[in-house]
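The values are calculated or read from the model by the stated rules, or taken from the named source; none is laboratory data. Small disclaimer: the values here were computed from a predicted structure and weren't measured. Don't worry about glycine lacking a Cβ; one is built from the backbone with ideal geometry, like all the others, and counts go over all protein chains shown.
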Amino acid sequence: MPVFDLGLQPLANDFAGPDEAHSGYAPLRVMFCPRCTLAQLSVVVDPEILYRRYSYVTSISETMLDHFQKLMSLLSGETTGTSVLEIGSNDGRLLQYMQSHGMRVCGIDPAQNLCEIANSMNLRTVCGHFNKETARSTQSCFGSFDCVLARHVFCHVDNWREFIESLSEVTHPDSIVGIEVPYCVDMLNRGEFDTIYHEHTSYMTVQAMDALLKGSSFRIYKIVRFPIHGGAIMMLLCHRDSQRSTDESVAAYLKEQVTTQTWSEFSALARTNIEELKKFVSEKVSLGSTVVGFGASAKSTVFINACRFTRTQIRFITDTTPQKQWKLSPGTDIPIVDEGAILRELPDYAVCFAWNFRDEIVAKNTLARSKGVRFVFPIPRLEIV
Ligand code: TYD
C-alpha cells in the first residue's frame, strides 16, 4: 500500500550544466508491505538513465574516515582473512584505506569514470553491476574473497535474488558478507524523508532481509549499528551451514516493529519538516537576509524540490565535489559552487543539506560562524547553530 508520496521529482544526482539536457522526472512514491515490512519505490528508474551521469563520490571527510576505521576493526574481529571485495566501490576510497592496512583488495562498480580513478591508484576495480556474470568473471580473475562488503548498495539493487545468489560465486564457505544499509527504523523515527529518492529503491528492515534470505544459502549472524549517513546497520552474513553462532543482536533487531502507522507518523513528520524550512527561508528572504545551501547532497535535491525553492530563495549551494560544481541543483535554477563561496559571500544563513556530517561541518566552519554565518540544520528538526 502507498505510505509516502512526493509526486513527480527530478533524479537526485542528476547535476547538469545550464545548457545540458537533464534526465527528467519520475514519481517518488513509497509502497509498504505490512507482512514482511519491506518498503519499496512504486517505480524503478532504468539504471542506464539513473547512473549515466553519476556524480556521487564517497565524501572525503573525517566522519567517513572514522567510519572506515570502525569497519576495519569490525572486520578484523570477525575474520582472520585478508582479502576483500567491495561491491559498489565508487572511487576506491575504502579499498585504499583497507589496502594500506594490509588487505588484498578488489572492487566492482558500474560507474566508468570512478573505476578509472580507482584503477589509476592501483586499486583493482571491475567495471559493471554486480550480478552472476560479473561475479563469475571477478572470481575467475581474482579468486574467492574472505570478506565481501556492500556499503549502501543493496538499496540501489532491483534484482535482490540475483545479487544474493551471486555472492556464492565470490565467497568460500568461511567468508563473511557485510551489507550496510541505511536503517529504515532510524529514518522513520527522525523524519529523514530526504533520504528517499529514485536511487534508493528499497527501505530495509531486518525482517525484510531475513525474509529474503530464507530461500538462499546465506543467513544473518550479527548486526552492528553505525551513525554514518543518519543511521545505518551492517548486517553480517555467513553461509547458512557455517559454524558461526548467531549473535543476540539479530533477535533484538528482528523485534523492532515497523507498521503502516509508523509510516503514517513519518509522513506527517516529513510534511512538518518541509513546511518548517519553507517558512523559515521565505521569512528570512522577505526580511532581506541571504540564504544559501551547504552540501549539494542527493538529499538536498529532495528537500529543495519538496520545498519548491528557486534561486530567489536559495542563492547557491556549496559543495566540495568538483563534478557537481558549476552545475544546477536538479529540478531548479540554483547553482552549485565551491565551498570557498561561504567565506567570500558571507550569507546570513547556510542551510545544511549534508546534515549527516553535522559535527564536522560545525567544527570546520568556525571562521564563517564567527563572521556571522548561521548554519541551519533541517533534520531531525530545524535548528540554527
Ligand atoms: P552525502 O551525505 O555523502 O550523500 P548523499 O548525496 O547520498 O545525500 O553527500 C554529502 C555532500 O555534501 C557531498 O556532495 C559532499 C558535500 N560536503 C561538502 O560540500 N562539505 C562538507 O563539509 C561535507 C562533509 C560534505
Next item on the list: Determine, yes or no, whether residue 200 is surrounded by 20 or more Cβ atoms within 10 Å (Cβ to Cβ), in a helix (DSSP H, G or I) and within 16 Å of the ligand (Cβ to nearest atom).
Entry: no
Check: Taking the range 142-151 only, how many residues are surrounded by fewer than 23 Cβ atoms within 10 Å (Cβ to Cβ) and small (Gly, Ala, Ser)?
Finding: 2
Margin query: Can you pull out every residue in the range 114-141 that is crowded, with 17+ Cβ neighbours inside 10 Å and farther than 14 Å from residue 92 by Cα?
Written below: 129, 130, 134, 135, 138, 139
Margin query: Can you tell me which of (1) in contact (Cβ under 8 Å) with a residue 12 or more places away in the chain; (2) under 25 Å from the mean Cα position of the chain (by Cα) is the one residue 246 doesn't meet?
Written below: (2)
Item checked: Unmet criterion (only one of (1) closer than 22 Å to residue 305 by Cα; (2) surrounded by fewer than 21 Cβ atoms within 10 Å (Cβ to Cβ); (3) out of contact with any Ser or Thr (no Cβ under 6 Å at 6 or more places or on another chain)) for residue 83 -> (1)
Check: Of all the helices (runs of 4 or more DSSP H) wholly in the range 298-364, which have at least 3 residues that are within 12 Å of the ligand (Cβ to nearest atom)?
Finding: 298-307, 358-364
Notebook entry, point to check: When only residues in the range 208-241 that are of a type outside the set (Phe, Trp, Tyr) and touching a Cys at 6+ places or on another chain (Cβ under 6 Å) count, which is farthest from the ligand (Cβ to nearest atom)?
Noted result: 211
Next item on the list: Might you let me know whether the range 371-385 holds any residue that is modelled with pLDDT of 95 or more, of a type in the set (Gly, Ala, Ser) and in a helix (DSSP H, G or I)?
Entry: no
Checklist line | Residue tally, condition buried (at least 16 other Cβ atoms within 10 Å of the Cβ), assigned to a loop (DSSP other than H, G, I, E, B) and away from the ligand (no atom under 16 Å from the Cβ), over the range 1-22 | finding: 1
Check: Of all residues in the range 152-181, which are surrounded by fewer than 21 Cβ atoms within 10 Å (Cβ to Cβ) and over 16 Å from residue 129 (Cβ atoms)?
Finding: 168, 172, 173, 174
Checklist line | Failed condition for residue 373, given (1) under 21 Å from residue 13 (Cα atoms); (2) within 16 Å of the ligand (Cβ to nearest atom) | finding: (1)
